[in-house]
């Protein structure tokens, strides 16, 4: 049984395999060919955190693959009343074929995977957001960027997106420069895993606090909101401490000519990105958002194929 909990759990070849599945399925979809790769299968979608892109992409994606998706919020299932994760997992394990969960704790995903005996997909946790990274990689590949040798600058908060970029770089072997304000660095344990992986992949990983240094000559610049779900009370403090980390025209001018800009959305103009840079790269950003659908179909089909391996 294989799961999709973090990019650290899968190999470079498996990441590329998922991307190829996604590209093949996207090509079919653009021709209005919806092959029933997951015919009559049921996907349970557990949401502790609300979402636009995650819910729509998984629900529409599962239906296009010939299956059905069930939306389950805390209010809909017994998790909201304190049922142990392992009990919910064992119940779902006898009723559905696959689970996607968007949760706070990564450990909850691991427990779902352990007790459900079903493929479990991480739709987002406080630690990682691997399905978003697959959409990002798919988008960059379509834009003609070599995702195994590119130079990527991540500017902003050391959050689940930073962690996922670290895992992606360390597996695929590209160069990643991370710039966060002091005190907002990616967790040391994540950086340590990435650096260990990099010894095998040849990835170059640089961690610092200077966004201009990170962006200099980068092929790709990416960022995320400074205030994630559950951090709303910290907004004023964070905005002040992230001063100088807005990706604006002057910042992007430091990147390589024709550099790409990505944002996983929602974007807050004037904070992590300026209005003009967002609109200048809007085609790339919304291609990235739309690719959530195709990348996640690739993930689901891959999980199904690997079910008995």
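Couple of notes before you dig in:
- The residue list 7, 19 contains one member that is more than 21 Å from residue 125 (Cα to Cα) and at pLDDT 95 or above, which is 19.
- Scope the stretch 30-73; condition surrounded by 13 or more Cβ atoms within 10 Å (Cβ to Cβ) and more than 22 Å from the chain's Cα centre (by Cα); matching residues: 34, 35, 37, 38, 41, 42, 66, 67, 68
- Some residue of the stretch 62-74 being touching a residue at least 60 places away in the same chain (Cβ under 8 Å), in a helix (DSSP H, G or I) and not assigned by TED's automatic domain parsing to the domain that holds residue 149: yes
- Output for the stretch 256-309, where each listed residue is farther than 20 Å from residue 219 by Cα, assigned by TED's automatic domain parsing to the domain that holds residue 244 and touching a strand residue (DSSP E or B) at 6+ places or on another chain (Cβ under 8 Å): 267, 275
- Residue count for the stretch 168-179, restricted to those that are in contact (Cβ under 8 Å) with a residue 60 or more places away in the chain and either closer than 22 Å to residue 245 by Cβ or outside any helix (DSSP H, G or I) (or both): 3
- The residues of the stretch 113-157 that are within 14 Å of residue 259 (Cα to Cα), surrounded by fewer than 24 Cβ atoms within 10 Å (Cβ to Cβ) and under 16 Å from the mean Cα position of the chain (by Cα), listed by number, are 141, 147.
- Residue 181 being under 22 Å from residue 275 (Cα atoms), modelled with pLDDT of 95 or more, touching a helix residue (DSSP H, G or I) at 6+ places or on another chain (Cβ under 9 Å) and surrounded by 21 or more Cβ atoms within 10 Å (Cβ to Cβ): no
- The single condition among (1) at pLDDT 95 or above; (2) more than 21 Å from the chain's Cα centre (by Cα) that residue 191 does not meet is (2).
- Check on residue 241, modelled with pLDDT of 95 or more, closer than 27 Å to residue 125 by Cβ and out of contact with any helix residue (DSSP H, G or I) (no Cβ under 8 Å at 6 or more places or on another chain): yes
The values are calculated or read from the model by the stated rules, or taken from the named source; none is laboratory data. Please read these numbers as outputs of a predicted model, since none were measured by experiment. A quick note on method: Cβ atoms are made from the backbone with ideal geometry, for glycine too, and the neighbour counts reach across all protein chains shown.
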